[in-house]
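*Asks:* Got a structure for you, questions after.
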Protein chains: 2
Amino acid sequence: MGALDEGHFDVELENGVKLGGCIELGFEEQPETLAIEDAVRVLLHGLGEDVNREGIRKTPFRVAKALREGTRGYRQKVKDIVHGALFPEAGLESGGGHGGGAGGMVIVRDVDLFSYCESCLLPFQVKCHVGYVPSGHRVVGLSKLSRVTDIFAKRLQDPQRLADEVCKGLQHGIRAAGVAVVLQCAHIHFPNFESRKLEPNHQGWTKMLVTSRSGVYENESSNDWAEFLTHLRFRGIEIVEACSNGSLQQSWCPSQSSLKVATANSAMTNAVVSILQSLGEDPLRRELVGTPARFVTWLMNFRCSNVEMKPNGFVRTQKDSIKTNGNVRHDEEDISTELNLSFWSQCEHHLLPFHGVVHIGYYQAVVVDHVDRSFLQQIVHSYGFKLQVQERLTRQIAETVALHLGEDVMVVVEASHTCMISRGIEKFGSNTSTVAVLGKFSSDSAARLKFLQSIPNSFQTAE
Amino acid sequence: MGALDEGHFDVELENGVKLGGCIELGFEEQPETLAIEDAVRVLLHGLGEDVNREGIRKTPFRVAKALREGTRGYRQKVKDIVHGALFPEAGLESGGGHGGGAGGMVIVRDVDLFSYCESCLLPFQVKCHVGYVPSGHRVVGLSKLSRVTDIFAKRLQDPQRLADEVCKGLQHGIRAAGVAVVLQCAHIHFPNFESRKLEPNHQGWTKMLVTSRSGVYENESSNDWAEFLTHLRFRGIEIVEACSNGSLQQSWCPSQSSLKVATANSAMTNAVVSILQSLGEDPLRRELVGTPARFVTWLMNFRCSNVEMKPNGFVRTQKDSIKTNGNVRHDEEDISTELNLSFWSQCEHHLLPFHGVVHIGYYQAVVVDHVDRSFLQQIVHSYGFKLQVQERLTRQIAETVALHLGEDVMVVVEASHTCMISRGIEKFGSNTSTVAVLGKFSSDSAARLKFLQSIPNSFQTAE
């Protein structure tokens with residue numbers, strides 16, 4: 001990482017960005033909070049929403065709270081975290097060697113965090129592994145390695161810069177002989193609403209592994225870095241191809257490639273510029289210049305609209321007419337299923353994405369020669385791509401499917417909510433499931449159970 | 001769960017326990033904080049520690065902070081969490097059925113939390129799965145299911161009571177048609193220092209699965225409960241044998257069976273009684289009566305002592321004497337290893353346990369006919385069973401092994417720290433690794449790497 005210009009570092013990383021009024025006023029009255037709330041109302045209006053609708057009336061405040069808490073790192077300093085948590089530990093007494101407070105490696109693995117993508121303003125997940133080699137017979141409380149990492153994660157970030165800042169911050173804060181950082185980052189994938197060409201089993205995450213190292217870990221003639229990676233391997237973390245330290249790269253954010261930035265609504269982009277300013281950021285910083293337009297383009301995927309549905313290759317025949325033809329099918333009591341239809345949506349409470357899969361079960365009250373999966377997928381997308389709550393999405397899909405395939409319909413929606421892994425709650429790995437049942441399914445609990453049991457175990461984590 | 005006496009419930013669960021002075025004074029000056037700090041000093045003194053030693057000087061404050069934050073649920077109310085997060089959602093419009101805000105199941109799975117065991121005062125991990133059936137066309141923000149659970153987790157608890165209180169709290173708070181709760185709890189195992197008979201591959205966790213249900217989930221003629229469990233199965237959560245709702249059981253806490261409660265030091269037990277009072281609990285509550293003596297007995301496993309080591313079956317022979325006999329072994333450059341020696345220790349910063357495995361590698365400068373693994377295990381335990389930091393533990397093991405097996409020694413300690421999964425940090429699944437190297441290992445990085453690569457992938461979670 002080279003020599004540290006520590007004076008510069010103090011100003012840039014430790015002091016962060018000064019925000020006025022934090023101490024004097026309560027959070028709800030602070031001008032930054034109010035400015036973000038105003039900006040979010042502009043965004044909701046731009047989406048065609050009624051800002052006084054009960055579900056979203058408090059969304060501006062929720063978004064302001066989440067964004068300000070989620071970028072609290074600008075107001076935190078490494079030295080405040082580390083202060084009082086540096087402990088004297090003797091080095092080895094017998095013979096030459098390293099250990100205790102003198103040169104023996106210390107590693108903390110598998111720390112879950114989240115950060116905000118500077119390119120699109122969405123949160124991304126970080127699994128963090130940090131090591132250091134103590135010097136000066138001084139060790140730091142183990143939890144501080146996680147807390148210091150969080151200072152830099154709670155800012156608008158790019159994975160490589162985050163890794164570098166954590167590395168520099170720890171090197172500087174604990175005066176280590178060397179610091180090693182590996183971050184496994186996962187960014188939500190951007191659906192392309194226009195073409196709706198989502199891969200059927202898309203995991204929904206763009207992944208990136210970044211590394212940063214200083215001091216002894218940069219020494220090519222020693223194995224310190226290789227040793228650090230071996231410690232990660234004990235825990236099942238294989239570093240296949242590590243990016244080189246501090247290398248310049250294209251942004252990993254899918255907004256850079258998959259979103260065609262539309263001619264942006266200037267009121268909305270100006271609102272996002274105002275949010276950046278309220279968070280204490282400089283909207284003219286090179287990496288942030290395109291962020292408002294990208295965020296608005298992403299958000300406009302979820303504008304309030306009634307998408308017209310065009311059933312293709314969908315032939316309806318009355319069951320009675322088939323019976324008349326002597327063509328009675330004895331499997332008519334079987335449940336037909338379409339499983340794992342992917343969906344994308346936007347939580348109207350927090351303006352954060354949620355995504356997952358939809359399972360549809362139905363009895364063929366109407367006999368259909370050919371149920372086109374893409375038509376069901378179209379129904380799912382038409383209700384996904386708007387501000388939603390998962391319960392309503394589930395109900396709307398069920399009602400619409402019933403219009404086309406008969407009244408006996410059951411819908412299960414399984415989702416990961418970005419609002420559950422970010423914000424104060426930070427429940428990584430949590431997952432929700434909602435159900436709507438119509439017709440026969442509402443009275444026949446054996447039918448419900450039969451359909452549920454036909455759904456395969458879909459357990460998968462974001463990693 | 002039967003009818004709720006809601007007035008009673010309001011008082012017992014919602015108001016929790018009143019704590020004076022919380023608003024007027026800063027946390028550090030509050031009498032409860034100061035009383036816990038005093039009590040912790042008594043405990044440290046009883047362990048034979050110098051309360052002014054730098055590593056533990058701030059431990060009383062750290063323990064007070066962790067305990068009071070970790071039992072903040074006594075001062076929180078369900079209605080404050082749920083208030084403002086109940087949203088109107090229409091039920092199904094077409095045909096009969098359930099969905100949206102009317103009867104369609106809503107499930108949140110895999111929420112990680114921790115709670116405090118009322119039997120021994122140690123934190124335990126909770127993986128929480130909650131479902132409910134909305135009524136009155138009202139749904140609750142998904143994150144509130146986790147937040148309400150946390151109110152009851154952040155108290156001194158027993159798994160079954162925790163499940164029942166979460167169930168009642170949600171039923172009451174969101175007026176659901178039914179609430180279903182499954183908790184997978186993991187309690188740290190208690191080592192028996194006296195006999196030191198730890199199973200070699202002990203996972204270190206006692207596990208318990210508890211369930212609680214109300215409303216429609218209690219209806220034996222419907223499948224609602226079976227449907228809920230099927231939703232958990234999608235995520236790989238198999239409920240093999242669920243405890244019956246509200247059944248009385250023996251405490252799961254290992255302190256009830258594995259610890260022989262010694263004649264307790266009355267100053268220390270009185271100190272723990274004072275801690276219980278400061279947390280707002282009633283030390284005379286039936287479940288808490290034996291807690292101070294059990295906690296002190298557990299703590300006294302880690303009293304400051306110099307355990308005498310007795311090498312058994314351990315024959316030292318000078319390498320030279322073997323050479324003289326013409327018995328030169330060409331594998332003398334091979335690294336000998338003892339892997340996965342279990343250890344237990346107590347973090348001196350937080351008075352919380354950490355445990356894991358020790359790997360020892362050495363070159364036989366002294367040729368030993370038979371290295372008794374139990375002797376190395378004895379060295380590990382003698383440094384484990386005291387107030388420690390992981391770095392010092394690693395160094396002390398290395399130095400002591402070197403005294404017996406020659407100067408070329410490498411020690412790796414892999415640990416899970418209770419202080420990393422509880423307290424404010426709550427980094428579930430995180431794991432630390434520390435290294436000490438002596439003699440040849442300190443200069444030969446290839447030897448270090450070779451030893452590290454001989455350690456098998458030990459990835460395992462607490463579940």
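The values are calculated or read from the model by the stated rules, or taken from the named source; none is laboratory data. This structure is a prediction, so every number in the text was calculated from the model and none was measured. When we count neighbours, we look across all protein chains shown, and the Cβ atoms used for this are built from the backbone with ideal geometry, even at glycine.
*Asks:* Return yes or no: is A:G424 modelled with pLDDT under 95 and surrounded by fewer than 20 Cβ atoms within 10 Å (Cβ to Cβ)?
*Replies:* yes
*Asks:* Then there's this: What tally of residues in segment B:66-94 results from selecting those that are surrounded by fewer than 18 Cβ atoms within 10 Å (Cβ to Cβ), at the interface with chain A (Cβ under 7 Å from one of its Cβ atoms) and of a type outside the set (D, E, K, R)?
*Replies:* Of the residues in that region, 3 qualify.
*Asks:* Still on this structure: So, in segment A:415-445, of the ones that are within 7 Å of chain B (Cβ to nearest Cβ) and among the aliphatic types (A, V, I, L, M), which residue ends up nearest to the chain's Cα centre (by Cα)?
*Replies:* Filtering first and then ranking leaves A:M420.
*Asks:* Of all strands (runs of 3 or more DSSP E) completely enclosed by segment A:104-175, which ones contain at least 1 residues that are touching a strand residue (DSSP E or B) at 6+ places or on another chain (Cβ under 9 Å), farther than 27 Å from B:S442 by Cα and without any contact (Cβ under 8 Å) to a residue 60 or more places away in the chain?
*Replies:* A:106-117, A:123-133
*Asks:* Also, I was wondering about something else. What's the number of the condition B:G99 fails, among (1) modelled with pLDDT under 90; (2) buried (at least 19 other Cβ atoms within 10 Å of the Cβ)?
*Replies:* Here B:G99 clears every test but (1).
*Asks:* Would you please name the residue that is farthest from B:L209 (Cα to Cα), looking only at residues in segment B:127-156 that are among the polar types (S, T, N, Q) and within 9 Å of another protein chain (Cβ to nearest Cβ)?
*Replies:* Filtering first and then ranking leaves B:S143.
*Asks:* Also, quick follow-up: Going by the structure shown, is B:D150 among the acidic types (D, E) and closer than 30 Å to B:T269 by Cα?
*Replies:* Details: among the acidic types (D, E): yes; closer than 30 Å to B:T269 by Cα: yes.
So B:D150 passes the test.
*Asks:* Would you confirm, using the coordinates I've provided, whether A:A90 is of a type outside the set (K, R) and part of a loop (DSSP other than H, G, I, E, B)?
*Replies:* Numbers: of a type outside the set (K, R): yes; part of a loop (DSSP other than H, G, I, E, B): yes.
Here the answer is yes, as A:A90 does meet what is asked.
*Asks:* Further question on the same structure: Is one or more of the residues making up segment B:134-153 more than 23 Å from B:G84 (Cβ to Cβ) and not charged (D, E, K, R)? Talk me through it step by step, then tell me what you get.
*Replies:* Narrowing segment B:134-153 to residues more than 23 Å from B:G84 (Cβ to Cβ): none.
No - not one qualifying residue is present in segment B:134-153.
*Asks:* Considering only segment B:2-48, state which residues are modelled with pLDDT of 90 or more, in a loop (DSSP other than H, G, I, E, B) and touching a helix residue (DSSP H, G or I) at 6+ places or on another chain (Cβ under 9 Å).
*Replies:* B:Q30, B:L47
*Asks:* Take A:G356 and decide whether it is away from every other protein chain (no Cβ under 14 Å) and touching a strand residue (DSSP E or B) at 6+ places or on another chain (Cβ under 9 Å).
*Replies:* no
*Asks:* Same structure again: Restricting attention to segment B:102-115, and to residues there that are more than 7 Å from chain A (Cβ to nearest Cβ) and under 23 Å from the mean Cα position of the chain (by Cα), which single residue is surrounded by the fewest Cβ atoms within 10 Å (Cβ to Cβ)?
*Replies:* Applying the filter and picking the extreme gives B:F114.
*Asks:* So, in segment B:380-396, how many residues would count as being more than 17 Å from B:N340 (Cβ to Cβ), within 11 Å of chain A (Cβ to nearest Cβ) and part of a helix (DSSP H, G or I)?
*Replies:* Going through segment B:380-396 one residue at a time, the tally reaches 4.
*Asks:* Among the residues that make up segment A:64-86, is at least one of them among the acidic types (D, E) and not in a loop (DSSP other than H, G, I, E, B)? Walk me through how you get there before you give the answer.
*Replies:* First, pick out the residues of segment A:64-86 that are among the acidic types (D, E): A:69, A:80.
If we keep only those that are not in a loop (DSSP other than H, G, I, E, B) as well, we get A:69, A:80.
Yes.
*Asks:* Please indicate, with yes or no, whether at least one residue in segment B:254-271 is in contact with a helix residue (DSSP H, G or I) (Cβ under 8 Å, 6 or more places away or on another chain), closer than 30 Å to B:Q378 by Cα and modelled with pLDDT of 90 or more.
*Replies:* Scanning segment B:254-271 turns up at least one residue that is in contact with a helix residue (DSSP H, G or I) (Cβ under 8 Å, 6 or more places away or on another chain), closer than 30 Å to B:Q378 by Cα and modelled with pLDDT of 90 or more.
*Asks:* Do you know which residues across segment A:236-253 are at the interface with another protein chain (Cβ under 8 Å from one of its Cβ atoms) and either closer than 17 Å to A:D164 by Cβ or at pLDDT 85 or above (or both)? First the steps, then the outcome.
*Replies:* Step one: filter segment A:236-253 for residues at the interface with another protein chain (Cβ under 8 Å from one of its Cβ atoms), giving A:236.
Correct list: empty.
*Asks:* Please count how many residues of segment A:400-414 are in a helix (DSSP H, G or I), buried (at least 22 other Cβ atoms within 10 Å of the Cβ) and at the interface with chain B (Cβ under 8 Å from one of its Cβ atoms).
*Replies:* 1
*Asks:* Please work out which one of (1) modelled with pLDDT under 95; (2) more than 22 Å from B:K77 (Cβ to Cβ); (3) in contact with a Leu (Cβ under 7 Å, 6 or more places away or on another chain) is the condition B:S119 fails and give its number.
*Replies:* Only one criterion in (1) modelled with pLDDT under 95; (2) more than 22 Å from B:K77 (Cβ to Cβ); (3) in contact with a Leu (Cβ under 7 Å, 6 or more places away or on another chain) is unmet by B:S119, namely (3).
*Asks:* From (1) at pLDDT 90 or above; (2) more than 13 Å from B:D110 (Cα to Cα), pick out the condition that doesn't hold for A:A415.
*Replies:* Status for A:A415: all satisfied but (2).
*Asks:* Mind checking which residues of segment A:446-460 are of a type in the set (A, V, I, L, M, F, W, C), within 7 Å of chain B (Cβ to nearest Cβ) and touching a residue at least 24 places away in the same chain (Cβ under 8 Å)?
*Replies:* Across segment A:446-460, the qualifying residues are A:L452, A:I455.
*Asks:* Could you check how many residues of segment A:433-456 are surrounded by fewer than 24 Cβ atoms within 10 Å (Cβ to Cβ) and either on the phi > 0 side of the Ramachandran plot or assigned to a strand (DSSP E or B) (or both)?
*Replies:* Number of matching residues: 1.
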